[in-house]
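Input: a single structure, listed below in structure tokens.
The values are calculated or read from the model by the stated rules, or taken from the named source; none is laboratory data. In this text, all values refer to a predicted model and were calculated from it rather than measured experimentally. Every residue, glycine as well, gets a Cβ built from its backbone with ideal geometry; the counts of neighbours run over all protein chains shown. Just the protein is used for accessible areas: all its heavy atoms, side chains included, with ligands, DNA and RNA removed. Shrake-Rupley method; radii C 1.70, N 1.55, O 1.52, S 1.80 Å.
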Amino acid sequence: MLSTFSFPNKIVFGCGAVNSISDIVSGFSINRVLIVTDKGIVKTGLVEEVTDNLQKAGLEYALFDGVSPNPTEDNVYAGVERYRSEKCDFIIGLGGGSSLDAAKAIRLMATHDLPLAEYEAQKGGAEKMSPNMPGMIAVPTTAGTGSEVGRGAVITIKSTCLRAARPHRQAGRKTLIFGPYLIPNVAVVDPELTIGLPKTLTAYTGMDALTHSLESYLSTQYHPICDAIAIKGVQIAGAYLKRAVENGKDIEARTNMMMAAMMGAIAFQKDLGVAHSLAHPLSTIAGIHHGLANAIVLPHTMEFNFEHAKEQLRDIAGALGVNISGMSLDDAAQAAIVQIKQLEKEIGIPERLRDVGVSADMIPELAEQAMEDGCHLTNPRKCSKEDMVYLYNKSL
Ligand SMILES: [Fe+2]
């Protein structure tokens, strides 16, 4: 059964939701749609799920499948080029967080003149954005970033000054492009689109969703509305992630993980914490999947935060199913860390960064970029560069 509701944008949620696209697009004045996705999604045949609906609505479309796993500003400019040359006036983002984030940035750059880097959150990008952007539908094919309900897009920007200083470096810097107008007009969230997702990606993306809720709950920002969503997001992800990994066809688990991903993304309006600051450079420098990077560092960041967030960690233990009644605060908070470690073990997350190709000589550069990342600014314990080095070493 489909549910349609608005929070924060319009969401059409449930098995078969993808078939509502023909009705949704009929509500917009559209001539031609650009579908933004990646080559992996094209191979799965999921693009046809969308194009069949566009044909049903009598709409023409063009395809841009040039989104990288960690989308770059070059991807965005190539997508804008395609949008213009194909004379499109609407965008459908189809895929994981990468495709949805790239679609949002293409939407922005289709009508805005400054270089993409000028719209970074840290540069006050939101103030420079106007609502004059093409309409957009987001169709997620993973349960992870929740980008379909988010106002941000994480894009890797070329770091020309850093590259000049270190010619070996090709990675660039992950940055958040953020603004309220970037939120898709409609999110079409269909758990059936995630059924074919492999176990590893189900685990990685699911841990990203869980980390969003967990870190938001620990964030120092005052936002009780997000706290309520975050703790429920932890509960749902904690209850269903293992099931979704063990049996990809478990539609109840897939459905709940889709909801947990959206809840994590809504919760992190309250901002995140040091795990995300550690994870972002692990993707750009070491090429590690974002969710996997979060998963490996998360237990260490919880230990790092222990003295500064005991009550929140106790609540998280409760949300993860630990019977905390009668336990001391310290024991209950510690139980949250034990639960996360246990879950990660059960879903096959490697324990250490060295298991996924990170070496000690990368740590100085990782730590430098982690400090530049804004997520740790709302971490319950203030982070220095030495702390970043310590946390990478603990996770190594
Ligand atoms: Fe994330």
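Assess whether Asp330 counts as being assigned to a helix (DSSP H, G or I), open to solvent by 30 Å² or more (accessible area, probe 1.4 Å), under 28 Å from Phe178 (Cβ atoms) and acidic (Asp, Glu). In short, no.
What helices (runs of 4 or more DSSP H) lie completely within the stretch 196-290 and have 1 or more residues being away from the ligand (no atom under 16 Å from the Cβ) and not small (Gly, Ala, Ser)?
Details: elements: 199-218, 224-246, 251-267, 274-284.
Hits in the stretch 196-290: 199-218, 224-246, 251-267.
For Ala230, the test of being open to solvent by less than 30 Å² (accessible area, probe 1.4 Å) and within 14 Å of the chain's Cα centre (by Cα) is failed.
Output the number of residues of the stretch 244-261 satisfying the condition of being surrounded by 16 or more Cβ atoms within 10 Å (Cβ to Cβ) and more than 16 Å from the chain's Cα centre (by Cα).
8
Taking His300, is it at negative phi, within 16 Å of the ligand (Cβ to nearest atom) and either open to solvent by less than 50 Å² (accessible area, probe 1.4 Å) or charged (D, E, K, R) (or both)? Walk me through it before giving the result.
Values: at negative phi: yes; within 16 Å of the ligand (Cβ to nearest atom): no; either open to solvent by less than 50 Å² (accessible area, probe 1.4 Å) or charged (D, E, K, R) (or both): yes.
In short, no.
Evaluated against (1) out of contact with any Pro (no Cβ under 6 Å at 6 or more places or on another chain); (2) open to solvent by 50 Å² or more (accessible area, probe 1.4 Å), Pro350 falls short on exactly one condition, (2). Confirm whether Ala102 is buried (at least 23 other Cβ atoms within 10 Å of the Cβ) and over 23 Å from Asn132 (Cα atoms). Here the answer is no, as Ala102 does not meet what is asked.
Of the residues screened, Leu108 is not one that is open to solvent by less than 30 Å² (accessible area, probe 1.4 Å), touching a residue at least 40 places away in the same chain (Cβ under 8 Å), within 16 Å of the ligand (Cβ to nearest atom) and assigned to a helix (DSSP H, G or I). So Ala153 passes all but one of these: (1) away from the ligand (no atom under 16 Å from the Cβ); (2) assigned to a strand (DSSP E or B). Which condition number does it fail? If we test Ala153 against (1) away from the ligand (no atom under 16 Å from the Cβ); (2) assigned to a strand (DSSP E or B), just (1) comes out false.
Kindly indicate whether Ala57 is in contact (Cβ under 8 Å) with a residue 24 or more places away in the chain, open to solvent by 20 Å² or more (accessible area, probe 1.4 Å), over 22 Å from Gln269 (Cα atoms) and small (Gly, Ala, Ser). In short, yes. I'd like to check something: does the stretch 75-94 contain any residue that is open to solvent by 10 Å² or more (accessible area, probe 1.4 Å), under 17 Å from the mean Cα position of the chain (by Cα) and in contact (Cβ under 8 Å) with a residue 60 or more places away in the chain? Checked the stretch 75-94: no residue is open to solvent by 10 Å² or more (accessible area, probe 1.4 Å), under 17 Å from the mean Cα position of the chain (by Cα) and in contact (Cβ under 8 Å) with a residue 60 or more places away in the chain.
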